[in-house]
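Right, one structure below, let's go through it.
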Amino acid sequence: MSWETVIGLEIHVQLSTRSKMFCGCSTAFGDPPNTNVCPVCLGLPGALPVTNGRAIELATRAALMLGCAVHEVSIFARKNYFYPDLPKGYQISQFDRPLATNGQVEFDSAERGRVAVHIQRLHVEEDAGKSLHDRVPGRTAVDFNRSGVPLAEIVSGPDMRSPAEARAYLTVMRQLIMYSGASSCSMEEGSLRVDANLSVRRAGETRLGTKTEVKNMNSFANVERALEAERARQIALLEGGGTVQQVTLLFDAAAGTVHPTRAKEESHDYRYFPDPDLPPLVLAPDWIEQQRAALPETPAARRERLESSGLSPYHAGVITAEPVLADYYDRVINAGVPARTAANWITGDVMTAFNETGGFPVSASRLADLVGLEREGSVSLQAAKRIFAELRETDEPALDVAERLGLLQVREERALSEWIDEILAAHPTEVERFRAGESKLIGFFVGQVMKRSGGKADPKGIQPLLQAKLK
Amino acid sequence: MSTAREVAAATAAALERTGADGLNATLHWSRELLDREAAHADQVRRTGGTGSTLYGYAVAVKDNIVTTDQPTTCASRLLEGYVSPYNATVVDRLRAAGAMIACKTNLDEFAMGSSTEHSAFGRVKHPLDPDRVPGGSSGGSAALVAAGAVRAALGSETGGSVRQPASFCGVVGLKPSYGRVSRYGLVAFGSSLDAVAIFGATVDDAARVLNAISGHDPLDSTSVAAPPMGRPDAWEDLSGIRIGLPREYFPADLDPGVRAGVDRGIAALKELGAEVVDVSLPHTKYAVPAYYIVAPAEASSNLARYDGVRYGVRHDGEGDVRALYQATRGRGFGPEVRRRILVGTYALSAGYYDAYYLKAQQARALIAEDFRRVFDDGIDLLFTPTTPTPAFRAGDKTDDPVAMYLADIFVCPANLAGLPALSVPVGRSEGLPIGAQIIAPYFRDSRMLSVAALLERALEPAGEVR
Amino acid sequence: MSIGEKEVLHAARLAELAVDEADLPRLVAQLGSIVAYVEQLAELPADETAAPHRSGAAGAPLRDDTVRRGLPNGALEALTAEFRDGFFLVPVRGTMAGG
Ligand SMILES: [Mg+2]
Ligand SMILES: [Zn+2]
């Protein structure tokens, strides 16, 4: 008997603001503990929240990118629970009146083709602080730097049918959010977190099985692995005659297994109610439309545009995976580089530099200059790659670097002519053989001239001269 | 006009006297701090130009309004010794206007009470009768103004906690429109009801303080984007003014002394030319029950932050962090605070939310609608007793929470509706002060103060009414 | 509806308030009388459409995304019972359930 897997995902993305959701503290990542805190985000007596307009703008853009309806009125609500890193004893979130609802995200599933996932809601909330359990023996150390950092929570419908689909959905979702400019979506820095709900049911069954929640996954690959493990666990349990309990599980990446949280499960009773410190969030319809109009091209549209300009689907996919990469590509194109040449560079050396530095040490215009040198024959492709490596480290123009490294190709006819004459004089036998019809010897002559020139001769310039002299 | 130094010295002497009298109205003050306040006031006066409207005022501040140079305890064991790293907006504004902070005053713990008997640091006594309560929860501030130690004081209201003690003590109690005065730095109790409110020896004293502390504050999202309130116009008489007497505020069993005092006020209003008409606010009887859901529900959430983790007096319990929470909160909060947290938690919890919290919200909307209707029908102001009885005896109601709550029956509707309201003395009954309440339409605080000032003058001297 | 020992203990657990065994009967009685009193709200006919009443600013003001300096570590240390190496310290979590 076969089993069907049902998966829904809840993701939290950190909105890319400079200051926190309800206070002016910095959101900088990696600062010393408790250095970005104030009366508001520490929950001191008497402190009150004031909403960061930029966070609302970014959340709105993300919601529109996901095709959600953004509501003119939404309500901040308090989610009440006690936890050492939750300073006020409640989290300011949104409950029955979220910022946005009813979106849709599509992806290609290996098993089912094109799949549409319903986005139930996107709401805005504040993050909690961070508890460190291994810092001081017997104590929990709490850092409130993250407390109050703005988040958007995005909840999908139970629309995925396999761990691989969950991963594909996440990839598309991440790309959309990054395109909207709302978040950097970095799992390493905690600006993207994924919680998954999974249940299984017999094929053909329409009711949902009991679901469990899986947490603590630090990459999309691990989301897939964790869900594979949980699916297997649930199926084994049911096939053994057992039942699935509604629990929260943590993924152990090293072991590749999931295990229930050690904490005793309590029925959560968050006692949500509208936060009386915050009036309703009211957005003008005009403003929402402005945000919609300002949205960038979707990743899919951009990929199509690149493909129609002659790029392979592979190149178009790689370049549009991240909006910054695609933007860089556009700048290189605008600087006059042909599409496929640009794509070769970007998916090669530029990508390597990007992965290593997280940025573009060689600006689009400098890359275009370099490509120009290569295309006009002033430097060889091999030399261009050496120059690129040098450009990463300096601000020098490409031409200066080429000169400094002696990589400029010699194209003046006189210099080439002299070298050719020398080589022909030194190899009379080969000249005879060529003239007798051994035309493949042309390669030999080119090689000798290149060698004589110390690699500086432009091979494209040598050929016609050689041909003429050998006639 | 006295200099700030003279006022500071006189205030210190008065605080020493009220201390010696056992009023127990203050929780913190010192001569040294008062001297520093006076020096600051002089500096404001030298450099402040028009900014020194409160020069010469020493203002007592309820101890649930945070200050950096004195502790803020909310009269709770849990916050004993807590010193805020920032000042409330109202404190900064008082000082900027040239006022001196006189002291921090005693209150019912976290402002939960109507008699100032629920202070962890002992009850406040009524200045005229030590066996009676001054009202609450701002009883310390009320008592100090009544005892003449200060001309003005800040209190706070969630359900009448300034007007009720003002009435008991025979001083002016002014609750501005919700959103008129910043709540930033007022320790939250029921945030949708909370307001910084003012005691004055006279209407003018209260109006001056309101002028200094009102106006938009970007740190409070509920603060209305309006400039500071100007000084109210001085009116000649009340011709053309229609004043409503809501019949629900004049029950048959109203204390006869209170009734006589309010009647004296009504006669004076008529004498001044006002048209006085009977009106009805039919949902009044739901005000106290609605209040005792909404306020505790919000309080249960507002007081969750007192967990012993980041500040406050911590009790470790045995073992894990939950033990710490339960011990800190169980021992740190007094019985009335614990009761309200439990009621509020219960009202918000799964299965009860609709029956209690939502029902209370519905009642609140109906109460606000009652007011809107009478004001839309051409009533300019409402006039009522402030309290059903004069100051009661200490211990009378401490074992019966509901009886205590009913002391707020006439004052809490204005908090539910967010309206400006004021209590003004109208005489005495058997030696105890009687207050009458004026309630005005939203943001018509100025009109209310103009009428109160006229009434105050007409009723002078405040004598026995019965 | 009425409030009994079970409800009081449930609320106390949600509110993280230790309740003394000895105090319980009196607490149940007091909360019972409060709940019985507020029960009169049930007389109001149900009205799903009623908008809640709010005073003060009509819509949430939005502030600029500008960073402001927070409190120095020294100020935090003065507030709390246990502060070390920049961290607030508390006992371990034990059987706390997360949110
Ligand atoms: Mg969330
Ligand atoms: Zn902060």
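The values are calculated or read from the model by the stated rules, or taken from the named source; none is laboratory data. This is a predicted model, so every value here is computed, not measured. Neighbour counts run over all protein chains shown; Cβ positions are idealised from the backbone, glycine included.
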* Could you run through the stretch A:40-69 and say how many residues are within 16 Å of ligand 1 (Cβ to nearest atom) and under 21 Å from A:Pro276 (Cα atoms)? => 1
* Residues satisfying the stated conditions in the stretch A:205-230, i.e. in a loop (DSSP other than H, G, I, E, B), surrounded by 19 or more Cβ atoms within 10 Å (Cβ to Cβ) and under 26 Å from the mean Cα position of the chain (by Cα) -> A:Met217
* Asked: Can you tell me how many residues in the stretch A:12-34 are crowded, with 23+ Cβ neighbours inside 10 Å and away from every other protein chain (no Cβ under 13 Å)?
  -> 2
* To do: Look through the stretch B:318-352, keep the residues that are in a loop (DSSP other than H, G, I, E, B) and in contact with a strand residue (DSSP E or B) (Cβ under 8 Å, 6 or more places away or on another chain), and return whichever of them is surrounded by the most Cβ atoms within 10 Å (Cβ to Cβ).
  => B:Asp320
* To do: Determine if the stretch C:65-77 includes at least one residue that is closer than 24 Å to A:Asn80 by Cβ, of a type outside the set (Lys, Arg) and at the interface with another protein chain (Cβ under 7 Å from one of its Cβ atoms).
  => no
* **Checklist (1) of a type in the set (A, V, I, L, M); (2) within 12 Å of ligand 2 (Cβ to nearest atom); (3) more than 7 Å from every other protein chain (Cβ to nearest Cβ) applied to A:Val37, failing item** => (3)
* To do: Identify the residue in the stretch C:1-31 that is surrounded by fewer than 12 Cβ atoms within 10 Å (Cβ to Cβ) and part of a loop (DSSP other than H, G, I, E, B) and, among all such residues, is nearest to the other protein chains (Cβ to nearest Cβ).
  => C:Asp20
* Structure fact -> Only one of (1) crowded, with 24+ Cβ neighbours inside 10 Å; (2) at negative phi does not apply to B:Cys74, and that is (2)
* Asked: Do you know which residues across the stretch B:277-288 are over 20 Å from the mean Cα position of the chain (by Cα), assigned to a helix (DSSP H, G or I) and either buried (at least 23 other Cβ atoms within 10 Å of the Cβ) or more than 8 Å from every other protein chain (Cβ to nearest Cβ) (or both)?
  -> B:Thr284, B:Tyr286
* To do: Assess whether A:Ala316 counts as being in a helix (DSSP H, G or I), among the small types (Gly, Ala, Ser), at pLDDT 90 or above and within 30 Å of A:Arg54 (Cβ to Cβ).
  => no
* Asked: Among the residues of the stretch A:125-135, which ones are in contact with a strand residue (DSSP E or B) (Cβ under 6 Å, 6 or more places away or on another chain) and away from ligand 2 (no atom under 16 Å from the Cβ)?
  -> A:Ser131, A:Leu132, A:His133, A:Arg135
* Conditions (1) within 14 Å of chain A (Cβ to nearest Cβ); (2) under 24 Å from the mean Cα position of the chain (by Cα); number of the one not met by B:Arg310 -> (2)
* **Residue check for A:Val105: under 18 Å from A:Ala62 (Cα atoms) and either β-branched (Val, Ile, Thr) or within 15 Å of ligand 1 (Cβ to nearest atom) (or both)** => yes
* To do: Please state which of the following conditions A:Phe95 fails to meet, knowing it meets all the rest: (1) in contact with a Lys or Arg (Cβ under 9 Å, 6 or more places away or on another chain); (2) under 29 Å from B:Asn302 (Cβ atoms); (3) within 16 Å of ligand 1 (Cβ to nearest atom); (4) free of Cβ contacts under 8 Å to residues at least 60 places away in the same chain.
  => (4)
* Asked: List, please: which pairs have Cβ atoms under 9 Å, are six or more places apart or on different chains, and start with a residue in the stretch C:42-69 that is closer than 24 Å to B:Leu219 by Cβ and end with one that is acidic (Asp, Glu) and in a loop (DSSP other than H, G, I, E, B)?
  -> C:Gly56/B:Asp220; C:Ala57/B:Asp220
* Structure fact -> Within the stretch A:3-28, of all residues that are closer than 10 Å to A:Arg54 by Cα and among the small types (Gly, Ala, Ser), the one nearest to ligand 2 (Cβ to nearest atom) is A:Ser19
* **Residues located in the stretch B:16-30, provided they are in a helix (DSSP H, G or I) and surrounded by fewer than 13 Cβ atoms within 10 Å (Cβ to Cβ)** => B:Ala20
* To do: Please enumerate the residues belonging to the stretch A:70-86 that are away from ligand 1 (no atom under 16 Å from the Cβ) and within 9 Å of chain B (Cβ to nearest Cβ).
  => A:Phe82, A:Pro84
* To do: Determine if the stretch C:34-41 includes at least one residue that is away from ligand 1 (no atom under 16 Å from the Cβ), facing chain B (nearest Cβ under 9 Å), under 25 Å from the mean Cα position of the chain (by Cα) and assigned to a loop (DSSP other than H, G, I, E, B).
  => no
* Identify, by number, the condition in (1) within 14 Å of chain A (Cβ to nearest Cβ); (2) surrounded by fewer than 24 Cβ atoms within 10 Å (Cβ to Cβ); (3) under 22 Å from the mean Cα position of the chain (by Cα) that B:Ser301 doesn't meet. => (2)
* How many of the residues making up the stretch A:130-160 are crowded, with 18+ Cβ neighbours inside 10 Å and over 25 Å from the mean Cα position of the chain (by Cα)? -> 7
* Could you give me the residue pairs with C-beta distances under 8 Å whose first residue belongs to the stretch A:163-181 and is charged (D, E, K, R), whose second residue is outside any helix (DSSP H, G or I) wherever it lies, and which are 6+ apart or on separate chains? => A:Glu165/A:Ile7; A:Glu165/A:Phe107; A:Glu165/A:Ser109; A:Glu165/A:Glu111; A:Glu165/A:Arg112; A:Glu165/A:Val115; A:Arg174/A:Cys185; A:Arg174/A:Leu192
* **A:Gly103, sole failed condition from (1) surrounded by 24 or more Cβ atoms within 10 Å (Cβ to Cβ); (2) part of a strand (DSSP E or B)** => (1)
* Please determine, by comparing only the residues of the stretch A:147-176 that are part of a loop (DSSP other than H, G, I, E, B) and within 14 Å of chain C (Cβ to nearest Cβ), which one is farthest from ligand 2 (Cβ to nearest atom). => A:Val149
* Across the stretch A:129-141, what is the total count of residues that are free of Cβ contacts under 8 Å to residues at least 40 places away in the same chain and at the interface with chain C (Cβ under 9 Å from one of its Cβ atoms)? -> 6
* Quick check: is even one residue across the stretch B:119-142 under 17 Å from the mean Cα position of the chain (by Cα), over 19 Å from B:Met404 (Cα atoms) and in a helix (DSSP H, G or I)? -> yes
* **A:Phe144, sole failed condition from (1) in contact (Cβ under 8 Å) with a residue 60 or more places away in the chain; (2) within 14 Å of chain C (Cβ to nearest Cβ); (3) within 16 Å of ligand 1 (Cβ to nearest atom)** => (3)
* Considering residues of the stretch A:1-39 that are small (Gly, Ala, Ser) and assigned to a loop (DSSP other than H, G, I, E, B) only, the residue farthest from ligand 1 (Cβ to nearest atom) -> A:Ser2
* **Breaking point among (1) assigned to a helix (DSSP H, G or I); (2) of a type in the set (A, V, I, L, M); (3) within 13 Å of another protein chain (Cβ to nearest Cβ), for A:Ala62** => (3)
